[in-house]
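Please read the structure below before turning to the comments.
The values are calculated or read from the model by the stated rules, or taken from the named source; none is laboratory data. This one's a predicted model, so the numbers in the text were calculated from it and none came from an experiment. Virtual Cβ from ideal backbone geometry, glycine too; neighbours counted across all protein chains shown.
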Amino acid sequence: MLLKKLRPYLIRLWRLGLLVSAVLLIRETASLRNLEEAAAALQPERLRGDFPQIHSLGPLNATSGWRAVLGSEGETLGYVTTTAPESNAFIGYSGPTNSLLVFDAKGALTRVRLIKSHDTSDHVAEVVADRAFFAQFPEQMKKPDEAKPLHVVTGATLTSTAIAQGVLAKLGQAAGTSLRFPDEITLAEVKMLEPKATNLQPSKQHHGGQDVLDAKGILIGIATRTSPVTDTLVGYKGPTDSLMLLDASGQMLKRMSLRKSYDTKRYVAYVTGDDYFQKLFNDMTLEKLADLDFKQAKIEGVSGATETSYSIAEGLKMRAKNLLESRPTGWLRKIHWRWQDTGHAITLIAALIMAFSKLRGISWARHVHHVWLVIYGGFIASELLSQGLLTGWAAHGTPWQSAPGLLMLAAISLLGPIFTSKQLYCHHICPHGALQQLLARRLPWQWRAPAKLERWLTQIPFLLLSFILMSLVMGWGINLNSLEPFDAYVFRVAGWASLAIAITGLIASLFQPLAYCKYACPTGALFKLIRFTGDADRLGVRDWIAAGLLLLGMMV
């Protein structure tokens, strides 16, 4: 009796366990593969197009990830690094992208190119085809004070935004690491500004900074520097690295001094000799410094070294702005809510109403709902759940910051079949399913498969789902989006396979309602596999096959 009462909950737990186990298996497999890809990314032969005279690469800088490109005589030809692992945190549509950053011998960024992307291949192809996208990064590094709004690729917004975030994160991740100014902050130079300083420790508040401690171990300030944020900010002839001593809260600049400069020595001497100029910024909050208008504040450059002094002042301003932008924030403040996410929320609310109210039995309400799904979900937002999307999230993480509405829709679509017995996504959210519903029975002649053939045809989606799982575990490198029709709703990036499957499925639905859903959809098969159908539900053959495939995958 007790087992009978517990059975519904045990079945739900079992199927939820299958889902979690599949995610963990895919994640572990992807993690191992990422390590192999990272090891092969920086090979001399792969860099010969940028450095024809390359002989070898220098050792990896453990802090920044940079590697020097060396010639046959050991001379430095330039530097290279990859955006991974920093870029792994930025999920595009279905996964992160690793890009190569190429620098010349002076540390100036000359090129950005894609190494490996785990995002949707059609979206990535659209980004690669847009030459202006990768060209914008060297241009912005040359003129940081004239930075233009980030250029993203239409039709691949999430993918291009994630790639850009990865590049920018790598360029600014080492707030204390620089190719032009490699020397770390020392206690001796901090003592020149704060005589009570006796020890330095890496700061948790400002990445790349140093906590300044007195003899009792009490925090009395935070030391940071303007490099590498200002490495491309040239005064008269070159950039300058300045030391910034902040108060213990890290919110106010107490004092500053010059560390090293590539500018003309005579002009630098004028600045260091002008005590008034160096005290102009003392006791300014970072907020005030970041928004400082030099003319309005009547801040003038040092006579005889105007360009040099203004570049130093601009460097302090840029670093203050950078420190404010990089401050730790709560997870809610990291979420970027898009207009598509509002649309997804509306779709989800409408789906719940249709699933749990009598409206689903009213013909006109169903038609209005289906039209909304096709127009908004299909052709406007064009963000449909698919195996390429879901397995990409399983392998690399979810875009909870950049696409929260889509993630919420996916979570409820996955958990709905387990806890409500409703196929929420297939019946009330999927645009492709809605379009098939609108086309159903529009022709007088309908086809019905014989019972035996019907049994075989309905196994195809589950077989496809099994094939997808094994392809991920074995690393076959199959474009999963080519197995489903959902990319067809974005004509610019759709592959021929997706278009062919979409058109064929829609034509078939004229003769057999929901033909694609019944006989070809692996994503629908996933929802059916984890669905709890009622108190009479029992573990079936598919449950055991799924468990067997997971065990096999773990053994491979």
Take the residues in segment 491-511 that are in contact (Cβ under 8 Å) with a residue 40 or more places away in the chain and crowded, with 19+ Cβ neighbours inside 10 Å; name whichever of them is nearest to the chain's Cα centre (by Cα). Val493
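Yes/no matrix, rows are residues, columns are (1) free of Cβ contacts under 8 Å to residues at least 60 places away in the same chain; (2) more than 30 Å from Glu37 (Cβ to Cβ):
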{"position": "Gly392", "(1), (2)": "no, no"}
{"position": "Thr398", "(1), (2)": "no, no"}
{"position": "Leu406", "(1), (2)": "no, no"}
{"position": "Leu435", "(1), (2)": "no, yes"}
{"position": "Gln446", "(1), (2)": "no, yes"}
{"position": "Leu453", "(1), (2)": "yes, yes"}
{"position": "Trp456", "(1), (2)": "yes, yes"}
Can you tell me which of Glu45, Glu75, Glu37 is charged (D, E, K, R) and modelled with pLDDT of 90 or more? Glu75
With (1) in a helix (DSSP H, G or I); (2) out of contact with any helix residue (DSSP H, G or I) (no Cβ under 6 Å at 6 or more places or on another chain) as the list, and Leu289 as the residue in question, which single condition is left unmet? (2)
Does segment 308-320 contain any residue that is basic (Lys, Arg) and over 21 Å from Asp231 (Cα atoms)? no
Can we say Ser382 is on the phi > 0 side of the Ramachandran plot, touching a residue at least 24 places away in the same chain (Cβ under 8 Å) and crowded, with 16+ Cβ neighbours inside 10 Å? yes
Exactly one of these conditions fails for Gln437: (1) of a type in the set (S, T, N, Q); (2) over 28 Å from Val541 (Cα atoms); (3) touching a Ser or Thr at 6+ places or on another chain (Cβ under 7 Å). Give me its number. (3)
Pick from Val102, Val112, Val128: which is closer than 26 Å to Leu35 by Cβ, without any contact (Cβ under 8 Å) to a residue 60 or more places away in the chain, more than 13 Å from the chain's Cα centre (by Cα) and buried (at least 21 other Cβ atoms within 10 Å of the Cβ)? Val112
Give me a count of the residues in segment 485-525 that are charged (D, E, K, R) and over 16 Å from Phe462 (Cα atoms). 2
Going through segment 143-178 one residue at a time, which ones are surrounded by 14 or more Cβ atoms within 10 Å (Cβ to Cβ), in a loop (DSSP other than H, G, I, E, B) and modelled with pLDDT under 75? Ala174, Ala175, Gly176, Thr177, Ser178
Gly548, sole failed condition from (1) modelled with pLDDT of 90 or more; (2) surrounded by 14 or more Cβ atoms within 10 Å (Cβ to Cβ): (2)
Between residues in segment 37-56 that are loosely packed, with under 13 Cβ neighbours inside 10 Å and residues that are at pLDDT 90 or above, which pairs lie under 6 Å by C-beta distance while being six or more apart or on different chains? Arg48/Ile54; Gln53/Gly71; Ser56/Leu70
Segment 266-287, subset of a type in the set (D, E, K, R) and surrounded by fewer than 12 Cβ atoms within 10 Å (Cβ to Cβ), residue nearest to Gly304 (Cα to Cα): Arg266
If you scan segment 88-143, which residues turn out to be of a type in the set (A, V, I, L, M), within 25 Å of Ser482 (Cβ to Cβ) and in contact with a strand residue (DSSP E or B) (Cβ under 7 Å, 6 or more places away or on another chain)? Leu114, Ile115, Val124, Val128
Return a yes/no flag: does segment 71-87 have any residue that is in contact (Cβ under 8 Å) with a residue 12 or more places away in the chain, under 14 Å from the mean Cα position of the chain (by Cα), under 30 Å from Pro485 (Cα atoms) and surrounded by 15 or more Cβ atoms within 10 Å (Cβ to Cβ). yes
Could you count how many residues in segment 464-498 are in a helix (DSSP H, G or I) and touching an Asp or Glu at 6+ places or on another chain (Cβ under 8 Å)? 3
Test set (1) under 22 Å from Lys170 (Cα atoms); (2) buried (at least 19 other Cβ atoms within 10 Å of the Cβ) - Gly235 fails condition number: (1)
I'd like the residue in segment 288-308 that is under 38 Å from the mean Cα position of the chain (by Cα) and under 18 Å from Arg255 (Cβ atoms) and, out of all such residues, is surrounded by the fewest Cβ atoms within 10 Å (Cβ to Cβ). Lys288
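Let's see how each residue does on (1) under 16 Å from Asp231 (Cα atoms); (2) at pLDDT below 85; (3) touching a strand residue (DSSP E or B) at 6+ places or on another chain (Cβ under 6 Å); (4) in a loop (DSSP other than H, G, I, E, B):
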| position | (1), (2), (3), (4) |
| --- | --- |
| Gly250 | no, no, yes, yes |
| Arg255 | no, no, yes, no |
| Lys260 | yes, no, yes, no |
| Tyr276 | no, no, no, no |
| Phe281 | no, no, yes, yes |
| Phe294 | no, yes, no, yes |
Does Ile503 count as of a type in the set (A, V, I, L, M, F, W, C), within 27 Å of Tyr93 (Cα to Cα) and at pLDDT below 95? no
Here, helices (runs of 4 or more DSSP H) confined to segment 302-381 with at least 2 residues that are under 30 Å from Tyr270 (Cα atoms) and either touching a Gly at 6+ places or on another chain (Cβ under 7 Å) or not assigned by TED's automatic domain parsing to the domain that holds Tyr267 (or both) are 306-325
Taking the condition of being exposed (fewer than 11 other Cβ atoms within 10 Å of the Cβ) and either basic (Lys, Arg) or under 14 Å from Gly78 (Cβ atoms) (or both), how many residues in segment 19-36 meet it? 0
